[in-house]
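S.K.: Sharing a structure with you now.
Just so it is clear, none of the values below were taken in a lab; they were calculated from the coordinates. Every value quoted in this text rests on a predicted model; they were computed, and no experiment measured them. Here the Cβ is made from the backbone with ideal geometry for all residues, glycine too, and neighbour counts use every protein chain on show.
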Amino acid sequence: MTPFTFNTTPSLRMGAGLARQLGEIVKPICGENILFVTDPGMVANGLVGPVVNTLRAAGLRVTIFDQVQADPPEAIILQAADMARHVSGVVGFGGGSSLDVAKLAALLAASGQPLAEAYGIGNAKGPRLPLVLVPTTSGTGSEVTPISIVTTGASEKMGVVSPLILPDVAVLDPELTLGLPAHVTAATGIDAMVHAIEAYASANPNNNPVSRALAVEALRLMGRVLQRAVDTPGNIEARSDMMLGSMLAGQAFANSPVAAVHALAYPIGGHYKVPHGLSNALVLPHVLRFNAEAAPLAYAELLPHVFPQVSDTGVGDAAVKFVEGMAALSRACGLPQNLRDVGIEKEALPMLACDAMNQTRLLVNNPRPVDEAAALAIYEAAW
């Protein structure tokens, strides 16, 4: 067996209604003076108020930072870190962007390290403040990943990758995802499935049996319930399976990193502010088709776990049917299918292809090499 490393969040707590016990969970970990990191949407939809009340009822002093933006820019990270210098611990509450900001606020406040020096793999310096993460979508898996993504400049994304930013505890309450709009459920769900697919097929030398097993279970769970979660937003069983699947996929790709789907999705989000999950969904089938021509085995192996009702005649056929099944699932969930549907002009495709080449951290993990010409062809197919 090839040597590998597997890191994950040391403690996970999952259960419907667990957010109502958040004060009891947070206090022994974070102390009595908390920075609560979230976004304006969470405040507006009424989720923040009751949760903050549970923290205060446990005797905690809570300062709220609710200015997180999607694809957070450096300025937001630095604002949150400045506020975190005056507290004993940090709670991140929301989607992936809020959790990513909370991770870096906890790191930068305690370490004093400049953000610019933390970018890359293994460059972050400790210590960090105590940290609890509470996801409210089933998509990014950020609660179990040692990764925070930051928008630098106008559109480029960079990552801080270090086990230091794994939280002390992740609290998963599927009730927090009840009633999410269908398009958000669909896009975040496809995003989570992409995490598992790319982790399973990753060419990274740390691709390992633990990550692959987690990816398979994540896809088995989410493949059978994603459309149900989209169509019946109050279905707690479907929401629970999606939240568990998203977390398992996060553990998988945290250790067997993602590849070209994410590399090609990032410029779409950076330039056109398309949500991350939807950006992934738009390029997913086209990247998978490109990969399946040269490396079909991984996708063939995944077919019976995600689409057990589909028969095949061999590895090549199974890989094709897996790719088409994922494309059909995206369509059935009501997501846009083409780049032009989200306002991207055909003339912009060469620029996107050029920018995708900056994502070397991800492209090296793809099972088939992707150069700029290949990236352009994938974008053209997606357009």
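S.K.: What residue among Ala332, Ala260, Ala154 shows peak mean-square fluctuation when the chain is described by a Gaussian network model with Cα springs under 10 Å?
M.R.: So, out of Ala332, Ala260, Ala154, the one fluctuating most is Ala154.
S.K.: For the stretch 12-177, what is one quarter of the convex hull surface built on the Cα atoms, given in nm²?
M.R.: 8.2 nm²
S.K.: So who's got an amide H within less than 5 Å of the one on Leu172, skipping anything under 5 residues away but keeping other chains? H placed 1.01 Å off N, in plane.
M.R.: Long-range HN contacts for Leu172: Arg13, Met14, Gly15.
S.K.: Return the FRET efficiency for the residue pair Arg85, Glu324: r is the Cβ-Cβ distance, R0 is 51 Å, and the value is rounded to the nearest 0.05.
M.R.: That pair, Arg85 with Glu324, gives E of 0.50.
S.K.: Enumerate the amide H contacts of Gly92 below 5 Å, restricted to partners 5 or more residues apart or on another chain; note that Pro and chain-start residues carry no placed amide H.
M.R.: Placed amide hydrogens put Val37, Val132, Leu133, Val134 under 5 Å from Gly92.
S.K.: Can you give the angle from 0 to 90° between the axis of helix 315-332 and the longest principal axis of the chain, with both taken from C-alpha atoms, to the nearest 10?
M.R.: Result, in degrees: 50.
S.K.: Next question, about the same structure. So what is the relative contact order for the chain, in percent, with contacts set as C-alpha pairs under 8 Å and at least six apart?
M.R.: After rounding, I find 15 percent.
S.K.: What's the extension gain from Leu78 to Ala332 if we count 0.36 nm per residue and subtract their Cα-Cα distance?
M.R.: Additional length available on full extension: 87.4 nm.
S.K.: Angle between the Cα long axis of helix 74-84 and the longest principal axis of the chain, 0 to 90 degrees, nearest 10?
M.R.: 30 degrees
S.K.: How would you order 306-314, 95-103 from highest to lowest mean count of nearby Cβ atoms within 10 Å?
M.R.: Most protected by this proxy first, the peptides run 95-103, 306-314.
S.K.: Under 23 Å Cα-Cα from Lys157, which lysines qualify once same-chain neighbours fewer than 8 residues away are excluded?
M.R.: In chain and number order, the partners are Lys103, Lys125, Lys273, Lys346.
S.K.: Relative to the longest principal axis of the chain, what angle (0 to 90°, nearest 10) does the C-alpha long axis of helix 96-111 take?
M.R.: 50 degrees
S.K.: For the chain, what is the mean residue ellipticity at 222 nm derived from helices alone (per DSSP H run of n ≥ 4: -39500 (n - 2.57); sum divided by total residues; nearest 500 deg cm²/dmol)?
M.R.: Value at 222 nm, helices only, nearest 500: -16500 deg cm²/dmol.
S.K.: Suppose each label sits 7 Å from its Cα in the direction of the beta carbon; what would the Ala381-Glu345 distance come out to in nanometres?
M.R.: The answer from the label model is 2.6 nm.
S.K.: Identify which of Val287, Val184, Val68 has the largest mean-square fluctuation in a Gaussian network model of the chain, with springs joining Cα atoms closer than 10 Å.
M.R.: It is Val184.
S.K.: Now for a separate question. Out of every Cα pair in the stretch 231-270, what percent are spaced more than 17 Å from each other?
M.R.: 53 percent
S.K.: Over the Cα atoms of the chain, compute the convex hull volume and normalise it per residue, giving Å³.
M.R.: It is 119 Å³ per residue.
S.K.: So how much slack lies between Ile121 and Glu32, counting 0.36 nm per residue of separation and subtracting their Cα-Cα distance, in nm?
M.R.: The span from Ile121 to Glu32 would gain 28.8 nm if fully extended.
S.K.: Moving on. Using the Kirkwood radius over Cα pairs, work out the Stokes-Einstein diffusion coefficient for the stretch 1-103 at 25 °C and 0.890 mPa s, in µm²/s as a whole number.
M.R.: Answer, rounded: 168 µm²/s.
S.K.: Please give the residues of the stretch 75-91, grouped as numeric ranges, whose backbone N is less than 14 Å from a label point set 7 Å along the Cα-to-Cβ vector of Ile64.
M.R.: Residues passing the 14 Å test: none.
S.K.: Fewest Cβ neighbours within 10 Å first, please rank Leu18, Leu131 accordingly.
M.R.: By the 10 Å Cβ count, ascending: Leu18, Leu131.
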